[in-house]
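As structure tokens, the structure follows; a few thoughts come after it.
The values are calculated or read from the model by the stated rules, or taken from the named source; none is laboratory data. Since we're looking at a predicted model, the values are computed, not measured. For neighbour counting, all protein chains shown are included, and Cβ atoms are generated from backbone atoms with ideal geometry for every residue, glycine included.
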Amino acid sequence: MGGAEFVLLSGVDDPAEALNIAAALTSAIGEPFLAGDHEVQVSASVSIAIFPDNGANPRELLSNADTAMYHAKSLGRNYYCFFEGSMHADVYEQMQIANELRAAISQG
């Protein structure tokens, strides 16, 4: 089961405060709970993109938050990270490698 949800926090001006919120979220979500007779544990990958530093408009901001979310997911369970411009290069490199691998497989 998975999904991508985004939360807009207004009034959070300090990146350290955003980091504290992300840490609290991943900690709370990572706590096991009972569902009937079964213990369930979920995880969250949290990304932080701050307006206007990480996006001048809503589309750019959400795109960069999405990029950071995939980076956080690549780190493992219950990670969070800030968006960094270098993440675009990482995503491009991963796409290029995946495309080359698909081509190699199709060519035997």
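List of remarks:
- Hey, Ala72 surrounded by fewer than 14 Cβ atoms within 10 Å (Cβ to Cβ), in a helix (DSSP H, G or I) and not basic (Lys, Arg) or not: no
- Pairs linking a residue in region 71-88 that is touching a residue at least 60 places away in the same chain (Cβ under 8 Å) and under 20 Å from Ser43 (Cβ atoms) to a residue that is among the β-branched types (Val, Ile, Thr) and assigned to a helix (DSSP H, G or I), with Cβ atoms under 7 Å and 6 or more positions apart or on different chains, are Tyr80/Thr26.
- Of all residues in region 5-33 being touching a helix residue (DSSP H, G or I) at 6+ places or on another chain (Cβ under 8 Å) and surrounded by fewer than 12 Cβ atoms within 10 Å (Cβ to Cβ), the one that is nearest to Met69 (Cα to Cα): Phe6
- Residue check, Ile48 among the aliphatic types (A, V, I, L, M) and out of contact with any helix residue (DSSP H, G or I) (no Cβ under 8 Å at 6 or more places or on another chain): no
- Scanning region 12-59 for residues that are within 23 Å of Ser86 (Cα to Cα), outside any loop (DSSP other than H, G, I, E, B) and within 15 Å of the chain's Cα centre (by Cα) gives Ala18, Leu19, Ala22, Ala23, Val46, Ser47, Ile48.
- Residues of region 34-57 satisfying the condition of being of a type outside the set (S, T, N, Q) and surrounded by 10 or more Cβ atoms within 10 Å (Cβ to Cβ): Val42, Ala44, Val46, Ile48, Ala49, Ile50, Phe51, Asp53, Gly55, Ala56
- Glu60 being acidic (Asp, Glu) and surrounded by 14 or more Cβ atoms within 10 Å (Cβ to Cβ): yes
- Just so you know, in region 71-89 the residues that are under 19 Å from Glu31 (Cα atoms) and of a type in the set (Gly, Ala, Ser) include one that is modelled with the highest pLDDT, and it is Ala72.
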